[in-house]
Amino acid sequence: MQFDTVAAELYRYKNEDGVTVLDSHVPARYVKNGYTILSLDGRVLEVVPRALSEQEIRERDRRIAEEERLAREKREREIADQNLMRLYSTPGDVIRARNAKIASIDSMINTQKGNIQRLDAQKRQLESALADIQRAGGVIDKDQLARIRGIETRISQIESEIEKKIEEKEALKVSYANDLKRVKELYGR
């Protein structure tokens, strides 16, 4: 007579009174509490843990999410570090790159300030010419006034661009300061 492998197992579980029971099956009401599958000679074949409560499931999921977040941040940091080491051989390289970028932005700002001065001079020249026409009793047409408004609009746009470049420069200083700090840490190891 040959035994079926499933029938040749015993199940160990605790009943509602906390008494350990050995049986050929686990009643459905005890499955959620966990049980152990044993061979006929008493060796443990498998341990089936108890079912988790809703709170335990939430805590487990929160812990897993936190571990994944930390692992992702670690991978991102390693990639960022590799990129920094590829870009900069020394902390001095970071300083040179920062200074070059800031000088470029400063140059652009100075060029734009020069454009504002040029446009402002054009505006004053147009206003002077229109004032001469008006003093002479002439009529100023809408196109001439539109040209002045166009110059004023362009000056305003350039001033806005300058403000953005100043903000960009400040953000670059912070970014390069962070890079410099990290490069010093990496090369200090």
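Each value in this text was obtained by applying a stated rule to the coordinates, not by laboratory testing. The structure displayed is predicted, hence computed values, not measured ones. Heads up, the Cβs are rebuilt from the backbone with ideal geometry, glycines too, and the neighbour counts pull from every protein chain shown.
One table, with the values for the structure above:
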| item | result |
| --- | --- |
| For the chain: relative contact order, % (alpha-carbon pairs under 8 angstrom, 6 or more apart) | 17 |
| Kirkwood-based Rg to Rh ratio, segment 11-57, C-alpha trace | 1.01 |
| Of the DSSP H helices in the chain, those whose Cα atoms cover at least 24 Å axially and whose Kyte score averages -1.0 or more | 91-135, 142-188 |
| Under 5 Å, built H, 5+ apart or other chain: amide partners of VAL21 | TYR13, LYS14, ASN15 |
| Net charge dipole size for the chain [Lys, Arg +1 and Asp, Glu -1 on Cβ; Debye, nearest 20] | 1040 |
| For the chain, built as a Gaussian network whose Cα springs stay under 10 Å, the top-fluctuating residue of ILE158, ILE102, ILE133 | ILE133 |
| Stretchable slack from GLN82 to LYS32, in nm (0.36 nm times residue separation minus alpha-carbon distance) | 13.1 nm |
| Label assignment, Cα Rg over 2.2 N^0.38 Å derived from the structure, set (i) 1.08; (ii) 1.20; (iii) 2.42 | (iii) |
| Pairs of Cα atoms farther than 19 Å apart, segment 77-175, % | 62 |
| Cβ-based charge dipole, the chain, positive-most Cα from LEU180, VAL94, LEU119 | LEU119 |
| Ratio Rg/Rh, restricted to segment 25-131 and using Cα atoms, in which Rh is the Kirkwood radius | 1.58 |
| Helix-derived mean residue ellipticity, 222 nm - over the chain, DSSP H n ≥ 4, -39500 (n - 2.57), to 500 | -25000 deg cm²/dmol |
